[in-house]
Every structure is written in structure tokens, then in C-alpha cells.
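Chemist: Below you will find the structure I want to go over with you.
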């Protein structure tokens, strides 16, 4: 075989350790161009250098092994056609995951800086939410559930509301949903008329009473929503207010309105007993 490189030579060229190259072989990521059937020695070709360095970068970026194998199979099929599209899809999907992770990390750093600053406490006040007529979807959220239950509820509410203009959507959540990881949730849309014929069976009419609450407006993504909850809960405790079993969120500007999280505005209302107002 012409231009074959021992594993040691290939290691020096790529700056990948011999141990890493053996692991790549065992994981079926980078198979040597030749393996001596008698000695078991591995030999590589210069054409494999680029693949080796590509694999290293993807592993440094935590691309899952299954996705990396898909990418390598697609790349080995040559340029053009469906294989090229597959390779591009793998890369694009992982870059989106990395961007999401970077965004979460940046927001976590910002939240930590705020927590470490004794002067940076979020503002909470005592207020009143007016009585409202709403369309509502209520459900028991099981432990470990993702947010698909909220998306499903909003789809049903949108179907019931139709094209009628509505006020911001909201949600009423038992404290156990946060403390125990499961509990009762009610998602709602304000509505000034009766439930129309043909509305989804999950939707019902509900009259929300006038309710007293400690309120604060959360700005931006919900990654640090716990800081706003901490502000309203602390205010209620300092004032000796008796908390109800439900907390309410009003999505003044939210995912229902824009896919730009930095524009979201969420009113957090820590409901307290009526004699507090």
C-alpha cells in the first residue's frame, strides 16, 4: 500500500493520541486504511487526516456518536445528492443545539451575577387582578412532563377563540407543580362571549374572580423566571401575606406573540388571601 502511515506517524500528524485513534477505530468512526492481519498494526492514509481532524472537532463539540456516524456515512458517499443534504442536516441541527446551550449558559451567568449583587433585587408590588371571563383548559400535569401540554392547551384555546381579538393568555398553576414536579394547571384566554359551537372538548368557560396578588413583570426568556418568583414570594413573606395555593402567570408578550424570547414580558402574580388588599 502506497503512502501508508503507522498509527504513530498518523498521531504526530493529526495531534490525536494513539489511544484516541484506537478509540475512534473501536467506535467505527475512523477505520484504518489497512490493518495487518498478523500483527494487528493499524495503518492510515494521508487522505484520512482531514477526516480525523473533523471527527476531533465534532467530538470536542459533543456531537453524539450516532449523529457523527450519520455524518461520516453521508460524507463518504461523496458530494451532491441526498447524502450531502443529510450531512448538512446533521451539522445544522447540532449547531442549533450549541447555540441554544450557549444562550442558556449566557443567561445563567447573567442570573448568577444578579444573585451575587446585593443591590439587584427585582421589584414586586401588591396589586389586584380584575375579574375575567375566560376560555380555559385544565389538566393534571404528570411528573417529568415537558411543555407539550401547554402547547396542546394553547392550540385548543386558539381554535375556540377563532379570529376574535383576545387579551393576553395566562396560566394558573398549583404550587405543587413546582415543588413536587406535578400538579394542576389551567391555561386560559380571556373571552367576552360564549364558547362557540365546535370548540374542542377540552375547552370550557370559566369566570376568574377578582384576586389579590403580589406581582412583578418578568422581562425576557423564562430561564431565570425563578428569580422573579423569588422576588414575589419574598415580598409576600416579608409582608406577612397569606399565600393561596395557586400562582398565576399572564403572558403579556410571549411565545404566542413572538419567537424572539428577548421581547417576552410575563406578569407573575403570587396570589394571596383577599384580606391583603
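Chemist: Looking at region 230-254, which of its residues are buried (at least 16 other Cβ atoms within 10 Å of the Cβ), more than 12 Å from residue 126 (Cα to Cα) and in contact with a helix residue (DSSP H, G or I) (Cβ under 8 Å, 6 or more places away or on another chain)?
Modeler: The answer is 243, 247.
Chemist: Okay, next question. Where residues in region 1-11 are in contact (Cβ under 8 Å) with a residue 40 or more places away in the chain and not in a helix (DSSP H, G or I), which of them is surrounded by the fewest Cβ atoms within 10 Å (Cβ to Cβ)? Spell out the reasoning first.
Modeler: Of the residues in region 1-11, the ones in contact (Cβ under 8 Å) with a residue 40 or more places away in the chain are 1, 3-5, 10.
From what's left, not in a helix (DSSP H, G or I): 1, 3-5.
Working: 1: 7, 3: 10, 4: 15, 5: 20.
Checking each candidate, the answer is 1.
Chemist: Just to be sure I understand, how many residues within region 107-135 are part of a loop (DSSP other than H, G, I, E, B) and free of Cβ contacts under 8 Å to residues at least 24 places away in the same chain? Lay out the reasoning, then the answer.
Modeler: Kept after step one, since they are part of a loop (DSSP other than H, G, I, E, B), are these residues of region 107-135: 117-124, 130-131.
If we keep only those that are free of Cβ contacts under 8 Å to residues at least 24 places away in the same chain as well, we get 117-120.
Qualifying residue count for the region: 4.
Chemist: Examine region 198-218 for a residue that is out of contact with any helix residue (DSSP H, G or I) (no Cβ under 7 Å at 6 or more places or on another chain), assigned to a helix (DSSP H, G or I) and closer than 30 Å to residue 103 by Cα, and state whether such a residue exists.
Modeler: No - not one qualifying residue is present in region 198-218.
FYI, it's all coordinate maths here, none of it is from the lab. All figures in this text were calculated on a predicted structure; none of them were measured in a lab. Don't worry about glycine lacking a Cβ; one is built from the backbone with ideal geometry, like all the others, and counts go over all protein chains shown.
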